[in-house]
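Report on one structure; see the data block that follows.
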Amino acid sequence: AGPDGMAARILHRLRHALAGEGGREERAHGGSEAEDFPESSELEDDTEGLSTRLSGTLSFTSHEEEEEEDEENEEEDGAGEDLGEPPQPTGAAAGAEDGGRCWGRCTGGAGAAAPWGGHPRNEWGPAAERAGGSLLTRQLQELWRKSRGSLAPQRLLFEVTSASVVSERSSKYVLYTIYLIRSGRFDKAPAAITRRYSDFERLNRRLRCRFGCDMAGIAFPRKRLRRNFTAETIAKRSRAFEQFLSHLHSIAEIRRSPEFLEFFFLQDLRVAQRLTCTGMYREALATWANAYRLQDRLGVCSSGRFLLTLAGLAVCHQELDELCEAHGCCEQALQLLEAQGSHPLLGPFLQAHIHLAWKVGKDKRRSEARLQDLREAGPPLQQQPTLKECLIKEPLE
């Protein structure tokens, strides 16, 4: 067999060895984990909504994890002579890429047996080591990268960063803050939502009505009659909600459904619309911006909701005298509307863009031509509503 076949065999044996060693390490350290995290001893308990499909894949990012990821990137990109430890996916990406397996560390000294069963060093010799060692290492690393890429890595992680108990006049509940994090990137401005148990339960109920077969294997934390506000229950539910959202996002039909998408940003759109209508533009701007980031993370930047979000951002920026930012929002919307002959928001966006371009000294001729074509293409148009009027009239159900 040539070097390619040799590299493939080494990688195959290495995977089996690592998977077995990872399981032994998990069993060896199980006691200490249970002591540090009391809920970990029940992570396999489906009755609490912690599914075995992605067990152990929840993302609680810490500085230590970030340092480990940096070390792994250096190891993967470097040209060292030793294969070292295979890159370890962390957080929710590990579950999507490896099916929840825990990789162990591959260790071996200079006298370790060769993976293919031969004697160490003897088959290659000093000259072969110098000539072919780096080549073989690079081939193994390339095969490893290709194998990871073929496992459809999850690109969006869901992390419960905090949970707070809220007491109102007649009710008491836990409010969970969930961050949407794109794996492999650093988000300067994170996208976040705050939801309570009843919000998750409503989403679960709606999706089970529509996607019964797909939802059959997805666990959901059941209601409890007592101990709902203990630290242990909140921690377990936090991890269960992370898994729940990860499972939903892994199914294409569900992650594209209105029920799933609106769970994340419809609430923000309603609040932002109400704040804009009452003239609270600074507060509305922050809410529109978070709705923008949520839709961006979820990959729905061409929908009608996203255009409405751009309209809200443009209006608030303009009212706050941030004209360059408002102009940029209009330009982005017009790019999305480029292929559409007509859209309820096309005329208002063109009018706003022309006005703002004149204010900030930008070219407005193309928008003027498009607006003229729009007026000539269809029946005589009445006075076009402004973006602000569109926001006020748009029902968000």
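The values are calculated or read from the model by the stated rules, or taken from the named source; none is laboratory data. As the structure is a prediction and not an experimental result, all values here were calculated from the model. No Cβ is skipped: glycine too gets one built from the backbone with ideal geometry, and neighbour counts run over all protein chains shown. When the accessible area is computed, the model is the full protein with side chains, heavy atoms only, and any ligands, DNA or RNA have been set aside. Shrake-Rupley method; radii C 1.70, N 1.55, O 1.52, S 1.80 Å.
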| query | Quick check: anything in segment 247-258 of a type outside the set (Ser, Thr, Tyr) and closer than 23 Å to LEU391 by Cβ? | reply | yes
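How many residues are of a type outside the set (A, V, I, L, M) and either touching a helix residue (DSSP H, G or I) at 6+ places or on another chain (Cβ under 6 Å) or in a strand (DSSP E or B) (or both) when one looks only at segment 184-199?
Taking segment 184-199 as the starting set, the residues that turn out to be of a type outside the set (A, V, I, L, M) are 184-188, 190, 194-199.
Pick out the ones that are also either touching a helix residue (DSSP H, G or I) at 6+ places or on another chain (Cβ under 6 Å) or in a strand (DSSP E or B) (or both) and you get 194-196.
So the count comes out to 3.
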| Given the structure, is ARG222 part of a helix (DSSP H, G or I) and either of a type in the set (A, V, I, L, M, F, W, C) or touching a residue at least 12 places away in the same chain (Cβ under 8 Å) (or both)? | no
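Please enumerate the residues belonging to segment 295-307 that are open to solvent by 10 Å² or more (accessible area, probe 1.4 Å) and not small (Gly, Ala, Ser). So that I can check it myself, show each step before the final result.
Here is the first cut: in segment 295-307, the ones open to solvent by 10 Å² or more (accessible area, probe 1.4 Å) are 296-305.
Scanning segment 295-307 gives ASP296, ARG297, LEU298, VAL300, CYS301, ARG305.
Those residues that are in contact with a strand residue (DSSP E or B) (Cβ under 8 Å, 6 or more places away or on another chain) and buried (at least 17 other Cβ atoms within 10 Å of the Cβ), I need them from segment 201-234; list them, please. First the steps, then the outcome.
Residues of segment 201-234 that are in contact with a strand residue (DSSP E or B) (Cβ under 8 Å, 6 or more places away or on another chain), as a first pass: 228-229, 234.
Across segment 201-234, the qualifying residue is only ILE234.
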| Hits in segment 318-331 - residues which are under 17 Å from ASN290 (Cβ atoms), within 29 Å of the chain's Cα centre (by Cα) and open to solvent by 30 Å² or more (accessible area, probe 1.4 Å) | GLU325
| message | So in segment 198-250, with the set limited to residues that are in contact with a Pro (Cβ under 9 Å, 6 or more places away or on another chain) and hydrophobic (A, V, I, L, M, F, W, C), which one is farthest from PHE260 (Cα to Cα)? | response | ALA231
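Within segment 235-279, restricting attention to residues that are in contact with a Ser or Thr (Cβ under 6 Å, 6 or more places away or on another chain) and either without any contact (Cβ under 8 Å) to a residue 60 or more places away in the chain or outside any helix (DSSP H, G or I) (or both), which residue is most open to solvent (accessible area, probe 1.4 Å)? Break it down stepwise before answering.
Just the residues of segment 235-279 that are in contact with a Ser or Thr (Cβ under 6 Å, 6 or more places away or on another chain), to begin with: 243, 268, 271-272.
Narrowing further to those that are either without any contact (Cβ under 8 Å) to a residue 60 or more places away in the chain or outside any helix (DSSP H, G or I) (or both): 271-272.
Details: VAL271: 46, ALA272: 0 Å².
Among them, the one singled out is VAL271.
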| message | Suppose we filter LEU396, LEU345 for residues that are buried (at least 20 other Cβ atoms within 10 Å of the Cβ) and hydrophobic (A, V, I, L, M, F, W, C); which single one remains? | response | LEU345
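Residue-by-condition table, conditions (1) within 34 Å of the chain's Cα centre (by Cα); (2) in the same structural domain as ARG274 (by the TED database); (3) of a type outside the set (Gly, Ala, Ser):
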{"residue": "LEU313", "(1), (2), (3)": "yes, yes, yes"}
{"residue": "TRP358", "(1), (2), (3)": "no, yes, yes"}
{"residue": "ALA369", "(1), (2), (3)": "no, yes, no"}
{"residue": "ARG375", "(1), (2), (3)": "no, yes, yes"}
| query | How many residues does segment 348-369 contain that are of a type in the set (Asp, Glu) and either closer than 16 Å to THR309 by Cα or open to solvent by less than 50 Å² (accessible area, probe 1.4 Å) (or both)? | reply | 0
| query | Right, SER150: modelled with pLDDT under 85, within 22 Å of HIS247 (Cβ to Cβ) and surrounded by fewer than 12 Cβ atoms within 10 Å (Cβ to Cβ) or not? | reply | yes
| request: Output the residues belonging to segment 332-342 that are crowded, with 18+ Cβ neighbours inside 10 Å and assigned to a loop (DSSP other than H, G, I, E, B). | output: LEU337
| Can you name the residue in segment 332-347 that is farther than 24 Å from ARG274 by Cβ and hydrophobic (A, V, I, L, M, F, W, C) and, of all such residues, is farthest from the chain's Cα centre (by Cα)? | LEU346
